[in-house]
Amino acid sequence: MPCRYRCEARKNDLKSGAFRDSSMAMCALVAAADGTVDPSERQRVAQLIATNDVLQNFPADDLRRRFEDNLDKLTADFDFGKVSVMQEIAKAKKKPAEARAVVQIGIVIGGADGHFDKDEQAVVREACYTLDQPPHEFDL
């Protein structure tokens, strides 16, 4: 089976609102992992969201709004916002394929600047537990 078919089949499996919400929460969590989000980081993550093949199933402006809403919660009060964002991430827990894809998106966002730092790794690892995904399977 050619990769294009497999990739397309996978992309077609990731169309639920739960996956959308969980993915945007993960993107915000990773972006804010170190406690600050500068404008260039915000823009870089927004660009990655807009160009991610799997996320093309959803309107870009909707994704951006959800990402920004989650980021606002985290930047207002990281610890309190993190509780809400983790609840959003947990929405993908019921479907293992979606849960794995959410973790993978977190890893992509974390490595976007060429350095997947310890704060980013820690929040993705924590999200793995929230999603019932073994962190070691993602080298976390």
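Please specify each residue of the range 29-87 satisfying the condition of being more than 19 Å from Ala112 (Cα to Cα) and part of a loop (DSSP other than H, G, I, E, B).
Phe58, Pro59, Asp77
Any residue in the range 43-59 that is farther than 18 Å from Leu71 by Cβ sitting within a Cβ distance under 6 Å of a residue that is not aliphatic (A, V, I, L, M)? List the pairs, counting only those 6 or more apart or interchain.
So the pair list comes out as Val54/Lys11; Asn57/Lys15.
Any chance the range 21-32 includes a residue that's touching a helix residue (DSSP H, G or I) at 6+ places or on another chain (Cβ under 9 Å), surrounded by fewer than 18 Cβ atoms within 10 Å (Cβ to Cβ) and at pLDDT below 95?
no
Among the numbered criteria (1) in a loop (DSSP other than H, G, I, E, B); (2) open to solvent by 30 Å² or more (accessible area, probe 1.4 Å); (3) farther than 16 Å from Arg20 by Cα, which single criterion is violated by Gln133?
Every listed condition holds for Gln133 apart from (2).
Counting just the residues of the range 108-140 that are at pLDDT below 95 and of a type in the set (A, V, I, L, M), which one comes out farthest from Arg42 (Cα to Cα)?
Leu140
Could you please tell me which pairs satisfy a Cβ distance under 9 Å, a separation of 6+ or placement on different chains, a first residue in the range 115-140 that is at positive phi and without any contact (Cβ under 8 Å) to a residue 60 or more places away in the chain, and a second residue that is surrounded by fewer than 20 Cβ atoms within 10 Å (Cβ to Cβ) and of a type in the set (A, V, I, L, M, F, W, C)?
Here the result reads Asp139/Ile107, each pair linking the range 115-140 to a residue that is surrounded by fewer than 20 Cβ atoms within 10 Å (Cβ to Cβ) and of a type in the set (A, V, I, L, M, F, W, C).
The values are calculated or read from the model by the stated rules, or taken from the named source; none is laboratory data. Since we're looking at a predicted model, the values are computed, not measured. In this analysis, Cβ positions are derived from the backbone assuming ideal geometry, glycine residues included, and neighbour counts consider all displayed protein chains. Heavy atoms of the whole protein, side chains included, go into the accessibility calculation; ligands, DNA and RNA do not. Shrake-Rupley method; radii C 1.70, N 1.55, O 1.52, S 1.80 Å.
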